[in-house]
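**Q** Mind having a look at this structure? Questions to follow.
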Amino acid sequence: MKFFEKQIETNTVYEGLIVNVRRDIAELQNGNRSKREVVEHPGGVGIVALTDEGKVLMVRQYRYPMEEEILEIPAGKLDNDEDPFECAKRELSEETGYTAKTYVDFGAMYPSPGFCKETLYLYLALDLTAGEMHLDENELLSVEEIDLDELVERVMNNQLKDAKTIIGILKAKEYLRQKR
């Protein structure tokens, strides 16, 4: 059986700087109708940047919605139909100052598909070269280099809470295991 819902009605209730919110009426495959609220986000990227020494470049920053400082992989929002790969290169350079010679596409993920229309694209960045950070205005963060195995332990001990970071770290670990 294939599941589906058909949009019958849509109404934008908020247009913001980063997200829009709409309220829809959807027809279910059984003929019933249901209300749906959708947060529309342009999507983004996350980058697991791995040094030759097996360290991952992590960024520490305060995340206002969660009201706490979070350790996560470098990431950023797609700009106006921007190609995800180009966004990944830009965000890695902006947030860490590093560039990479090699990228591995880890695919796309939906961070919270129950209410948010957002796709995040994950990449592994290898063969890194250090450079100068060039953060956006009001972007305050620090960069830390942490051993990949330590980050896997932190994931398994529930010390990292950011979904893209957890998925990226575990994908990087498995990718490297399979390459051996």
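The values are calculated or read from the model by the stated rules, or taken from the named source; none is laboratory data. Predicted model, so just to flag it, every value in this text is computed and none were measured. Cβ: placed from backbone, ideal geometry, glycine included. Neighbour counts: every protein chain shown.
**Q** Within the range 159-173, identify whether any single residue is surrounded by fewer than 12 Cβ atoms within 10 Å (Cβ to Cβ) and out of contact with any Asp or Glu (no Cβ under 9 Å at 6 or more places or on another chain), and answer yes or no.
**A** Scanning the range 159-173 turns up no residue that is surrounded by fewer than 12 Cβ atoms within 10 Å (Cβ to Cβ) and out of contact with any Asp or Glu (no Cβ under 9 Å at 6 or more places or on another chain).
**Q** Can you tell which of Val48, Val59, Val19, Val13 is closer than 17 Å to Tyr110 by Cβ and among the aliphatic types (A, V, I, L, M)?
**A** Only one candidate qualifies: Val19.
**Q** Could you identify the single residue in Leu122, Leu170, Leu78 that is under 30 Å from Thr12 (Cα atoms) and free of Cβ contacts under 8 Å to residues at least 40 places away in the same chain?
**A** Leu78
**Q** Now for a different question. Would it be correct to say that Tyr175 is hydroxyl-bearing (Ser, Thr, Tyr), within 30 Å of Glu37 (Cβ to Cβ) and not assigned by TED's automatic domain parsing to the domain that holds Arg22?
**A** So Tyr175 does not fit the description; no.
**Q** Residues to consider are Ala100, Ala108; find the one that is in the same structural domain as Val152 (by TED's automatic domain parsing) and buried (at least 18 other Cβ atoms within 10 Å of the Cβ).
**A** After ruling out the rest, the residue left standing is Ala100.
**Q** Quick one: which of Gly31, Gly43 is touching a residue at least 60 places away in the same chain (Cβ under 8 Å) and on the phi > 0 side of the Ramachandran plot?
**A** Being touching a residue at least 60 places away in the same chain (Cβ under 8 Å) and on the phi > 0 side of the Ramachandran plot holds for just one of Gly31, Gly43, which is Gly43.
**Q** Go through the range 20-67 and give me each residue that's of a type in the set (Val, Ile, Thr) and closer than 30 Å to Leu126 by Cα.
**A** Val45, Ile47, Val48, Thr51, Val56, Val59
Here is a yes/no grid of residues against (1) under 25 Å from Arg23 (Cα atoms); (2) modelled with pLDDT of 95 or more; (3) part of a loop (DSSP other than H, G, I, E, B):
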position	(1), (2), (3)
Ile70	no, yes, no
Gly76	no, yes, no
Glu82	no, yes, yes
Cys87	no, yes, no
Glu91	no, yes, no
Tyr103	no, yes, no
Pro113	yes, yes, yes
Leu122	no, yes, no
Leu126	no, yes, no
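**Q** Looking at (1) charged (D, E, K, R); (2) closer than 27 Å to Thr129 by Cα; (3) free of Cβ contacts under 8 Å to residues at least 60 places away in the same chain; (4) in a loop (DSSP other than H, G, I, E, B), which one does Asp52 not meet, given that it meets all the others?
**A** All conditions pass for Asp52, except number (3).
**Q** Right, here's the next one. In the range 129-180, how many residues are in a strand (DSSP E or B), out of contact with any Gly (no Cβ under 7 Å at 6 or more places or on another chain) and modelled with pLDDT of 95 or more?
**A** Number satisfying all stated conditions: 5.
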